[in-house]
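What follows is a single structure, written as structure tokens, with notes after it.
The values are calculated or read from the model by the stated rules, or taken from the named source; none is laboratory data. This structure is a prediction, so every number in the text was calculated from the model and none was measured. Every residue, glycine among them, receives a Cβ derived from its backbone with ideal geometry; neighbour counts consider all protein chains shown.
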Amino acid sequence: MTDTVRVRFAPSPTGYLHVGGARTALFNWLFARKHKGVFILRIEDTDVQRSSEAMVQGILEGMHWLGLDHDEGPFFQSSFVDRHRAAARRLVEEGKAYYDFTPKEATDDRTVKEKIIDRARAGREKNPYRSLPLEESLARVEAGEAAAIRLKVPEEGTSRFDDMVYGPQERDYSDIEDLVLIRSDGHPLYNLSVVVDDITMGITHVIRGQDHLTNTHKQVLLYEAMGVPVPRFAHLPLIIAPGREKLSKRKHGEVVSVTTYRDRGFVPDAFVNFLALLGWSAGSDQEILSREELIEKFDLSGVNKASAVFNFNESNQSDWTDPKALWVNGEYIKSMPLDELVPMVSGQLKRAGLWREEYSAGQSEWFARAVDLLRARYRTLDDFGGYGRPYFSDEFEYDPAAVKKNLKDERLRELLPGLSDRLSSLDRFTHEEVEAALRGYSEEQGVKAGLLINAARTALTGQLVGPGLFDIVLILGRERTVTRLRRAADLVSARE
RNA sequence: GCCGCUAUGGUGUAAGUGGUUAACACGCCGCCCUCUCAAGGCGGAGAGUACGGGUUCGAGUCCCGUUAGCGGUACCA
């Protein structure tokens, strides 16, 4: 008996890949990799109306970006419906399920909740078809009468299973209705399909969101009815929105979509790292964990039971998503191997329209140095094309606050061009020479070096903050430095 | 309505089988560095563990109740 771990991620393509789904996929993937098992991707597209090819592509893209490679699949649940129907029919033949000839009620998606409550209040009566003799049912079906197939849930007793995260679970059979396996139009329903597919795919561990916890009892019933061993279940705490409210695709939209993180400058490994920390901890103080470390340390026993708040803030421009996600990303940007970061920054500059072919040819060394200089204070790849713009383009804005603070001294109107001249006539354009020239010049002019330094930073980059001035100068080079210094003299504000 | 799950600073998490002043990270605030900070270094505030009972010499940890949030309760997935 081999006990190879086989797990699956089974999204339904009714929406894009959101953080909750991504986290479920990640935990399955980590579990599979950790145990040298198999990770299967199965698209649950049985809800034809709501599923779409575009969403399938979106999910595939998202997983690819996250680096969650699957070993088998993608399989499409819709291609297995015959098997689902056959399984249900077998259960009927064995007396474990029955045909229900009650006419289908028209349900409006919007009123289901109320309907559930109404029906519960009214009290449930026993389904009269539950005990209909098999031959009679078969004959009626043969005659073309429409019927749904329902599982016979025991009337007395308790269902139990041991969840690897939530522990022992119990539910009275009396609380479980005879669930519909096959609709009267022949369409197999979720609980049946998952179980049949999980059986045929040999799934050993079902790792999924906690929203499936209570319904797991129904699935256990199905495994038992089919006479096959029940897999292990591990339910993951849900990810919720700030204020502990539920995450809704409709209300929260893009902030919860994985592609948003790709498009707004996240490093895949960093996002994976952040996601792993949502509802799980390695049990140590270490929070920055590489993919390899995550695989090594991952264990379902470290999964938390309480739902985790994904602390995004859509109204804040700079801190638009969870601050910790941004921090983790910044950590990756500043410490990842430079040769891995450079291509990512290239991609971002291309998207921002700031890319020049020389950066990957004659100026590749310069480009790498520039990225290395800037990375220390950036949190996303987008910052390279945003805050980093003055380093890659001559067209950039001067931050009014920076101009006001650093270019307000009227003496700068003369000093900036003066400094520009000094630097243009330097023999060697090195850090030491430039610094000596600037300090010498400020001494001659009787002003503090700081005045010139801060003014120069703003003159050169338009910004209030940034790397050390001499690093900026060296990266920009003599030509750009000289012209920008001179040009900025015009910005020196005339005090009123 | 009924059933279930959960509850540690603003957020994410620690605190083996109950045992000293509840720890770490993010964020926030301050100081330092000094040429700036959105970088780096240092420090600080912030929870007495949802609330109320109980068990115990001792409870964040066990039990009961309440509350809140979430999930389920569909011929949705």
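Points worth noting:
- Total residues in the range A:316-346, condition surrounded by 13 or more Cβ atoms within 10 Å (Cβ to Cβ) and away from RNA strand B (no atom under 16 Å from the Cβ): 3
- Condition check for A:A282: closer than 19 Å to A:L238 by Cα and either within 9 Å of RNA strand B (Cβ to nearest atom) or of a type outside the set (F, W, Y) (or both): yes
- Checking each residue in the range A:425-467 for being assigned to a helix (DSSP H, G or I), near RNA strand B (Cβ under 8 Å from one of its atoms) and more than 41 Å from the chain's Cα centre (by Cα) picks out A:E435, A:A449, A:G450, A:I453.
- Near pairs, Cβ below 7 angstrom, 6+ apart or cross-chain, from the range A:365-390 (under 14 Å from A:D263 (Cα atoms) and modelled with pLDDT of 95 or more) to any residue that is part of a loop (DSSP other than H, G, I, E, B) and within 11 Å of RNA strand B (Cβ to nearest atom): A:F384/A:Y378
- Residue under evaluation A:S78, criteria (1) closer than 26 Å to A:I239 by Cβ; (2) within 16 Å of RNA strand B (Cβ to nearest atom); (3) surrounded by fewer than 21 Cβ atoms within 10 Å (Cβ to Cβ), criterion not met: (1)
- You will find that of A:R130, A:R121, the residue that is within 14 Å of RNA strand B (Cβ to nearest atom), assigned to a helix (DSSP H, G or I) and surrounded by 10 or more Cβ atoms within 10 Å (Cβ to Cβ) is A:R130 and no other.
- Evaluation of A:E135 against (1) more than 10 Å from RNA strand B (Cβ to nearest atom); (2) surrounded by 10 or more Cβ atoms within 10 Å (Cβ to Cβ) (one fails), failing number: (2)
- Long-range neighbours under 7 Å by Cβ, at least six apart or interchain, first residue farther than 16 Å from A:I333 by Cα within the range A:263-277, second among the aliphatic types (A, V, I, L, M) and assigned to a helix (DSSP H, G or I): A:L275/A:V19; A:L275/A:A22; A:L275/A:L26; A:A276/A:L26; A:A276/A:L294
- Only helices (runs of 4 or more DSSP H) whose full extent lies in the range A:192-275 are considered here, and the ones with at least 2 residues that are surrounded by 22 or more Cβ atoms within 10 Å (Cβ to Cβ) are A:216-226, A:258-263.
- Residues in the range A:148-175 that are surrounded by 13 or more Cβ atoms within 10 Å (Cβ to Cβ), of a type outside the set (D, E, K, R) and within 8 Å of RNA strand B (Cβ to nearest atom): A:A148, A:Y166, A:Q169.
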